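To keep things clear, I will list the structure first and then write my remarks on it.
The values are calculated or read from the model by the stated rules, or taken from the named source; none is laboratory data. All of these numbers come straight from a predicted model, not from anything done at the bench. All Cβ positions, even for glycine, are placed from backbone atoms using ideal geometry, and neighbour counts span all protein chains on display. Each accessible area value is taken on the protein alone, full model and side chains, heavy atoms only, with ligands, DNA and RNA left out. Shrake-Rupley method; radii C 1.70, N 1.55, O 1.52, S 1.80 Å.
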Amino acid sequence: MLHLSNVTNLAFHDLTPENHHVPPGANLLLGLGQKFIPTPRRTTGSKELNEHLFRFRRDLYRAVFWGEDSEEEKEEDAAKRPKLKLPSKWTPSESEIPSEITHRVSCFFDEMEKVHVKRTARPNLRPFELKLLKALKADHSTVIANADKGLGPVAVELHKYIADALKHLEDDTTYDIISSKEAASMTDQIVRDIDMWVEKYQPHTSSERKKGIRRPHAGAILEKEAAFIMERTHEAYRLSPNALFYLLYKLHKNPIKTRPVCSTCGSIAEAIG
């Protein structure tokens, strides 16, 4: 039999009208907060674990290959280490690693395969909460937003959320309404500007060094930082270049107001901060 204790410190706010309240019991589910993660139906198996085990082995092999530095060398390396860099895929070959280490890693992998066998997971939600979660996901007329000051999830009707957002977006003293064509053109220009900025401040290229070209401001950013900015910017440009606009509800205000947020996470501007 499954026994789950009740959570008493719930944080959920229903701003929907009386004729469109969220289903009964939603406060128990949404009150857990948006950081709550329901357990999957099945536990993690050895196949799903492989990617993480291979990364563990690669990191361990690198540490063994390079050896242990002194504290002074560690501090010196940390000062030179770039803040932004792409992850390295280089891995030492097993012939360069002591056999004792490779043997222990192999034994560790074997034991992990024995431990991580796929089986039915113990849920951290009751059956009615799982049904409720499914119903909320299927309800496209309600938005589960966040409250300002970390006060928890907020249920709002979709048309009300849109109206609240338009109060900000239609303010012509702050925002300009542009066409899709203009937006695409501005996006292209931003990417070109970032490329030019990187080319201006990255270290001298081997071709420039051979020709004796001295570029002002060269080396202001490190080579790895330049590579990181260029790759992440163009990756975002291909996948999803735009920033994300959303609202936080100021429940501590009377009447309730909203705070507009424009998040650049995942956009073309993320890599340059």
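Look at the stretch 119-128 and say how many of its residues are within 22 Å of Thr44 (Cβ to Cβ) and in contact with a helix residue (DSSP H, G or I) (Cβ under 9 Å, 6 or more places away or on another chain).
Of all residues in the stretch 119-128, those within 22 Å of Thr44 (Cβ to Cβ) come to 119-125.
Checking which are in contact with a helix residue (DSSP H, G or I) (Cβ under 9 Å, 6 or more places away or on another chain) leaves us with 123, 125.
Of the residues in the stretch 119-128, 2 are within 22 Å of Thr44 (Cβ to Cβ) and in contact with a helix residue (DSSP H, G or I) (Cβ under 9 Å, 6 or more places away or on another chain).
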Discussion item. Quick check on my filter: what residues within the stretch 124-151 are surrounded by 16 or more Cβ atoms within 10 Å (Cβ to Cβ) and either of a type in the set (Lys, Arg) or in a strand (DSSP E or B) (or both)?
Written reply: Thr142, Val143, Ile144, Ala145, Asn146, Ala147
Fill in: Leading residue by the ranking (farthest from Asn19 (Cα to Cα)) among those in the stretch 118-147 that are among the hydroxyl-bearing types (Ser, Thr, Tyr) and over 25 Å from the mean Cα position of the chain (by Cα)
Thr120
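Within the stretch 252-266, take every residue that is among the basic types (Lys, Arg) and surrounded by 12 or more Cβ atoms within 10 Å (Cβ to Cβ) and give me the one that is nearest to Pro87 (Cα to Cα).
First, the residues of the stretch 252-266 that are among the basic types (Lys, Arg): 253, 257, 259.
Cutting the leftovers down to surrounded by 12 or more Cβ atoms within 10 Å (Cβ to Cβ) gives us 257, 259.
Details: Lys257: 42, Arg259: 36 Å.
This residue is Arg259.
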Worksheet item: Any idea which residue in the stretch 35-47 is nearest to the chain's Cα centre (by Cα), counting only those that are of a type outside the set (A, V, I, L, M, F, W, C) and surrounded by 13 or more Cβ atoms within 10 Å (Cβ to Cβ)?
Response: Pro38
Response to the item:
The correct count of residues that are modelled with pLDDT under 85 and either within 24 Å of the chain's Cα centre (by Cα) or over 26 Å from Asp148 (Cβ atoms) (or both) in the stretch 1-32 is 9
Worksheet item: On the given criteria, is Val154 touching a Phe, Trp or Tyr at 6+ places or on another chain (Cβ under 7 Å), under 30 Å from Tyr246 (Cβ atoms) and open to solvent by less than 90 Å² (accessible area, probe 1.4 Å)?
Response: yes
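For residues in the stretch 90-117 being in a helix (DSSP H, G or I) and of a type in the set (Val, Ile, Thr), which is most open to solvent (accessible area, probe 1.4 Å)?
From the stretch 90-117, those in a helix (DSSP H, G or I) are 94-96, 99-115; that's our starting set.
This time we only want the ones that are of a type in the set (Val, Ile, Thr), so: 101-102, 105, 115.
Working: Ile101: 49, Thr102: 28, Val105: 9, Val115: 92 Å².
Ranking the qualifying residues of the stretch 90-117, first place goes to Val115.
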Fill in: Phe108, sole failed condition from (1) under 25 Å from Arg232 (Cα atoms); (2) free of Cβ contacts under 8 Å to residues at least 12 places away in the same chain; (3) among the aromatic types (Phe, Trp, Tyr)
(1)
Practice prompt. Would you be able to tell me the number of residues in the stretch 252-273 that are in contact (Cβ under 8 Å) with a residue 24 or more places away in the chain and in a strand (DSSP E or B)?
Written response: 3
